[in-house]
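Throughout, read-outs are computed from the coordinates displayed, never taken from laboratory work. Just so it is clear, the model here is predicted, and its values are computed rather than measured. Note that each Cβ is placed from the backbone with ideal geometry, even for glycine, and that neighbours are counted across all protein chains shown.
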Amino acid sequence: MSTANHPNVIILTHGWTGSSVYAGLFGQIGFWLGSETMQKVDYNTNENSALISLNQDLIDRLLPNVNYEHRFSPADVRQVADRASEADLAPLRQFLTVCDGRQPWLWKDPRLTWTIRTWARVLDLDRVKFLILTRDSDQAWISSNLRRHVQSREFTETYKSGITRSNLDFLAERQLPVLSLSFENLLLKPEATLERLNGFFGTNMTMAVLQKIYRHPLYKKNHGLKDYFTALAIYLKNYAQRDGRGRQMQKA
């Protein structure tokens, strides 16, 4: 189906939310994800590499030395937004021009929580629809520790809920429509979730598209007891480094 007249899409998420799968769905039906996307060892994040670089540069310039992967504070978000008023936003406008030449596009990068208010200075928000993604806290905790981002269950909940609240506040301040979903929505109720996505974004995603990009079992959560106990063993072994207290392990 043609996507020429579809709005662009921005995914806002705290990470470990299946956002790469959601982004992949849009990519499969014609949304532009970037000339190059960031590839991890075992999967494609479907994140535009140029967007990642711009977001990282903004954070480095406007919020230097923050360990944003292990710290979330609304004050940090406000600081980036306030300092952006004096920042050179020409690189952002240039990047947006490239993206608008490939519409409809989709942006996805967890750093957007800190930079979306800066991007709002150059975006035509009337041409964008937003998807906020969350995750079951236990599943998010398992995913994080399996990836050697060693953190406590309390930290996982506080970090992800703070980010979600900040993203929702941004959209509420500007009275922008948003669809909020979790990874578990897609895994446990895929047909109903695709229907919600299609209804909100005016798309035509099918189960065949989902099964093409997600090759794991559906109708069940991503992590079971085996993953839980593996994550627990990693957490206990690296307890002293939890929650960003020390240098995080590299994935084996």
Using Cα-only point scatterers and the Debye equation, what is log10 of I(q)/I(0) for the stretch 61-195 at each q in 0.13 Å⁻¹, rounded to two decimals? -0.67
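Kirkwood Rh over Cα pairs of the stretch 120-230 into Stokes-Einstein at 20 °C, 1.002 mPa s: D in µm²/s? Walk me through the numbers before you get to the answer.
Values: Rh = 16.0 Å.
Answer from the Stokes-Einstein relation: 134 µm²/s.
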Projected area, mean over directions - the stretch 167-252, Cα convex hull, nm²: 8.9 nm²
Among chymotrypsin sites (Phe, Trp or Tyr not before Pro) in the stretch 1-73, those in a DSSP loop whose Cβ has at most 13 other Cβ atoms within 10 Å are 43
With every atom except the alpha carbons ignored, what do you get for Rg and Dmax of the stretch 1-138, in angstroms? 14.8, 45
Based on the Cα atoms of the stretch 19-71, what semi-axes does the equivalent ellipsoid have, where each is the square root of 5 times one gyration tensor eigenvalue, given in whole Å with the largest first? 25, 13, 9
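Dipole magnitude of the chain about its Cα centre, charges +1 at Lys/Arg Cβ and -1 at Asp/Glu Cβ only, in debye to the nearest 20? Mind showing how you got there, number by number?
Values: 32 positive and 25 negative charges, 130 e Å.
With Lys and Arg at +1 and Asp and Glu at -1, about 620 debye.
What fraction of the Cα pairs in the stretch 41-85, stated in percent, has a spacing above 11 angstrom?
Working: 709 of 990 pairs.
Of all Cα-Cα pairs in the stretch 41-85, 72 percent lie more than 11 Å apart.
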Each label sits 7 Å from Cα toward the beta-carbon; between residue 40 and residue 213 the label points are separated, in nm, by 1.6 nm
Among 162, 131, 68, whose Cα sits farthest toward the positive end of the charge dipole of the stretch 52-166 (+1 at Cβ of Lys/Arg, -1 at Cβ of Asp/Glu, about the Cα centre)? 131
Centroid-to-centroid separation of the stretch 78-117 and the stretch 203-248 [C-alpha atoms, Å]: 29 Å
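Longest span of the chain, sites excluded, free of GluC sites (Glu not before Pro) in DSSP loop with at most 16 other C-beta atoms within 10 Å? Mind dumping the intermediate values first?
Details: sites that count: 36, 69.
Of all site-free stretches, the longest is 70-252.
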Shape verdict for the stretch 90-158, please, from the Cα gyration tensor: rounded (a/c under 1.5), prolate (a/b greater than b/c) or oblate. prolate
Treating only Lys and Arg (+1) and Asp and Glu (-1) as charged, each at its beta carbon, one finds that the stretch 110-252 has a dipole about its Cα centre, in Debye to the nearest 20, of 600 debye
Of 189/221; 189/220; 160/212, which sit over 18 Å apart, Cα to Cα? 160/212
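Could you work out the mean projected area of the convex hull around the alpha carbons of the chain, in square nanometres to one decimal? Don't skip to the answer; put the middle values down first.
Numbers: hull surface 52.7 nm².
So the mean shadow area of the Cα hull is 13.2 nm².
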Using only Cα atoms, figure out Rg for the stretch 33-108 and give it as a multiple of 2.2 N^0.38 Å. 1.23
Excluding residue 83 itself, what net charge comes from residues whose Cβ is under 15 Å from its Cβ, given Lys and Arg +1 and Asp and Glu -1? -2
